[in-house]
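Presented below is the structure to which this report refers.
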Amino acid sequence: MAIRLKTAQEIEKMRAAGRVVRSVLDRIGQMAVAGVTTQDFEDEARRMTQVSGAESLFLGVPGRGRAGPFPAYLCVSVNEELVHGIPSRRKICDGDIVSVDFGVRLDGWCGDAAETFLVGAVREDVRHLVEVTRNALAMALRMVCPGEKWSNVARAMQQYVEGEKLSVVRDFVGHGIGEEMWEDPKVPNFVSPDLEMHDIR
């Protein structure tokens, strides 16, 4: 694992890319109503990205196995779909939750984030799931500080989520970012022997 530290100037460039990501996700949130298609989200993300002068991080990323390159600017996953859903003419329905992942490169530096939107009258158990995940993120943001071991943060999130009778996804983890979309370190939301052996601060 080789974590590359960024200078203050590089961090500012990453913030600029992040602001583009935030503006697009905010716009998708405004659009997330019953009857809109996931392709409508994609079309707006493409338009806003091009106006900003940024480029998509996801478009053209090579697929695994027989899958071809990723064909979109956004990953849009509806309800039980976990990640990496492809936009289509699928209409969003009342009661759906829609997770949107989006990233750009601007002036050589990357920004990447995801958000889940609730559409209309969402079932209480699903609303609880989204609330718990948002609370877990807020907990991590409060805990992160110089010198704090990530295993302590991951353990707190895992214990909170499991205490709410939910589980933490282990097939996918977070990651660093910089000039590339995926950089070290891997950032899991659970504690494993590997994390304890190769903890990060």
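The values are calculated or read from the model by the stated rules, or taken from the named source; none is laboratory data. Please read all numbers here as calculations on a predicted model, not as lab measurements. Note that each Cβ is placed from the backbone with ideal geometry, even for glycine, and that neighbours are counted across all protein chains shown.
Of the candidates Val83, Val78, Val61, the single residue that is at pLDDT below 95, closer than 17 Å to Val169 by Cα and assigned by TED's automatic domain parsing to the domain that holds Ala16 is Val83. Does the stretch 141-159 contain at least one residue that is in contact with a Phe, Trp or Tyr (Cβ under 9 Å, 6 or more places away or on another chain) and of a type in the set (Gly, Ala, Ser)? For the stretch 141-159, residues in contact with a Phe, Trp or Tyr (Cβ under 9 Å, 6 or more places away or on another chain) and of a type in the set (Gly, Ala, Ser): present. Yes or no: Asp26 among the acidic types (Asp, Glu) and over 20 Å from Asp171 (Cα atoms)? In short, yes.
Considering only the stretch 43-57, state which residues are free of Cβ contacts under 8 Å to residues at least 60 places away in the same chain, within 16 Å of the chain's Cα centre (by Cα) and more than 15 Å from Arg27 (Cα to Cα). Show your work before the answer.
First pass over the stretch 43-57, keeping only residues free of Cβ contacts under 8 Å to residues at least 60 places away in the same chain: 43-56.
Checking which are within 16 Å of the chain's Cα centre (by Cα) leaves us with 45, 56.
The answer is Ser56, and nothing else.
If the condition is being surrounded by 15 or more Cβ atoms within 10 Å (Cβ to Cβ) and in contact (Cβ under 8 Å) with a residue 40 or more places away in the chain, then the stretch 162-177 contributes Gly176, Ile177.
The condition of being without any contact (Cβ under 8 Å) to a residue 40 or more places away in the chain and either touching a Pro at 6+ places or on another chain (Cβ under 8 Å) or in the same structural domain as Leu57 (by TED's automatic domain parsing) (or both) does not hold for Arg155.
Tell me, which strands (runs of 3 or more DSSP E) lie completely within the stretch 64-147 with 1 or more residues that are surrounded by 14 or more Cβ atoms within 10 Å (Cβ to Cβ), charged (D, E, K, R) and touching a strand residue (DSSP E or B) at 6+ places or on another chain (Cβ under 7 Å)?
Values: elements: 74-78, 97-106, 109-118.
So the answer is 97-106, 109-118.
All conditions in (1) within 26 Å of Ala17 (Cα to Cα); (2) out of contact with any Asp or Glu (no Cβ under 7 Å at 6 or more places or on another chain); (3) among the basic types (Lys, Arg) hold for Arg123, with the sole exception of (1). Determine, yes or no, whether Phe41 is aromatic (Phe, Trp, Tyr) and not in a loop (DSSP other than H, G, I, E, B). Yes, satisfied. Every residue in the stretch 12-58 that is surrounded by fewer than 13 Cβ atoms within 10 Å (Cβ to Cβ) and among the hydrophobic types (A, V, I, L, M, F, W, C), please. Selection gives Val33, Val51.
Quick check, is Glu196 surrounded by 12 or more Cβ atoms within 10 Å (Cβ to Cβ), free of Cβ contacts under 8 Å to residues at least 24 places away in the same chain and in a helix (DSSP H, G or I)? Give the steps one after another, and end with the answer.
Numbers: surrounded by 12 or more Cβ atoms within 10 Å (Cβ to Cβ): yes; free of Cβ contacts under 8 Å to residues at least 24 places away in the same chain: no; in a helix (DSSP H, G or I): yes.
Criteria not met by Glu196.
Write out, first by first residue and then by second, each pair whose Cβ atoms fall under 9 Å of each other, whose residues are 6+ apart or on separate chains, and whose first residue, in the stretch 1-22, is more than 8 Å from Gly111 (Cβ to Cβ) and touching a residue at least 40 places away in the same chain (Cβ under 8 Å) while the second is of a type in the set (Val, Ile, Thr) and surrounded by 15 or more Cβ atoms within 10 Å (Cβ to Cβ). Sorted first by the residue in the stretch 1-22, then by its partner, the pairs are Met1/Ile200; Ile3/Ile200.
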